[in-house]
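Enquirer: Sharing a structure with you now.
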Amino acid sequence: MEALKKPNNIKIHFIIGSGRSGTTLLSYILNNHENCVSTPETKHLLFFYKKYHAISKVNQKLIDDLKHYFSIMLQSEGVVDYQKYLKIEPYFKLGEKITYFELCCKIYLAFANQKDLNKVTCIIDKNPSYTIQVDKLNGILPDAKYLCLIRDYRGFVLSNIESPEPYAKHLPIQYHSLVWVFYNKLIFDIKKKYGDKIMVLSYEELVSNKEKALLDICNFFNLKYTTDLFNYQDKIYLEKEPTQKDERLLSKRNTLEKPINANRLDAWKGVFTSFQLKTIEFWCSKIGTNFNYKTTIKVNLFESIAILFISFPYYIRVWAYFKLKSTKLFVLSNEVRKAKYFNSINKK
């Protein structure tokens, strides 16, 4: 993978790790920093790399491809609030000279929310799906750093099954447990492989000791720490249409507008049945010990066999996604699915 040529004053780093581990919260906090632009999950850096990595000037095909891509992305819940910033025409002039790095930065900086762009030295791309793509990203951006968010696997599963997302809450505990395993096994391996380029932070640390956690994050990304970062709610530019019908988006907005707190860290206790908790522990406890999460219940041989049998189809599904490592497949399968969901609620 060829490294991108880029100016020294701009660095691109990444927030990765499974969804529902605090990645969105952290992205909004960091986007409150005057020297940083932290973006939602646009995925354009890898999506267009193969086709446009050698680009030298803007052509009509590029403009058309960007318009089509963002017409899909803007219907997903992660980006819909930013639609007034994603107007392709003001940022790209036909025939202008441009490198792929500059192209990507222009899209990232469209999310700057009226910041002084002369002060921006750091772009942080929040993308859970990029956890699978670290080797590829490292080849493109060798000086990039990666902040990996993890979360107690029991809290992760509970957060998913309580989610108002129709494509998440109806999936079984086996599926969410396996997603946690695959993501966090990757994080463990990435940390061993890339060492100091990787910072692993737990959701529990972020909400329980936010000042220290954010100080460590700022040091990691070479940003000046300030307590003003926690006033991110004042600068959330969310469109609040009275006609907005999406329960997931409204839930996200309500959560982001509340102060950081640790009230729900143990919310999973007493929620799961014994077999549900054993299913979660069966899949997650081994990897969980690598991150100091303690097992709460033992699973006997017969229960293990039953869990394996029930979980098999979900294992194949999750394994295939992680094995394929395709950004384009992720966009097509995930974002288009969300777009269809948005279209369906808008017709109601």
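Enquirer: For the residue pair Leu301 and Lys67, what label-to-label distance in nm results when each label sits 7 Å from Cα along the Cα-to-beta-carbon direction?
Expert: Rounded to a tenth, the inter-label distance reads 6.6 nm.
Enquirer: How far, in nm, would the chain grow between Thr273 and Glu102 when pulled straight, counting 0.36 nm per residue and subtracting the alpha carbon separation? Please report the intermediate quantities before stating the final value.
Expert: Values: separation 171, 0.36 × 171 = 61.56 nm, distance 5.20 nm.
Taking Thr273 through Glu102 to full extension adds about 56.4 nm, to one decimal.
Enquirer: I'd like the FRET efficiency for Ile310 and Asn261, computed as 1/(1 + (r/R0)^6) with the beta carbon distance as r and R0 of 35 Å, rounded to 0.05. Spell out each step's value before the answer.
Expert: Numbers: r = 35 Å, r/R0 = 1.01.
Efficiency, rounded to the nearest 0.05: 0.50.
Enquirer: Over 22 Å between Cα atoms, which of Lys286/Lys325; Lys185/Lys210; Lys11/Lys210; Lys50/Lys97; Lys145/Lys185; Lys136/Lys294 qualify?
Expert: Long pairs (Cα-Cα over 22 Å): Lys286/Lys325; Lys185/Lys210; Lys11/Lys210; Lys136/Lys294.
A short reminder: the numbers here are calculations on the coordinates, not readings from a lab. Computed from a predicted model, the values in this text were never measured in an experiment. A quick note on method: Cβ atoms are made from the backbone with ideal geometry, for glycine too, and the neighbour counts reach across all protein chains shown.
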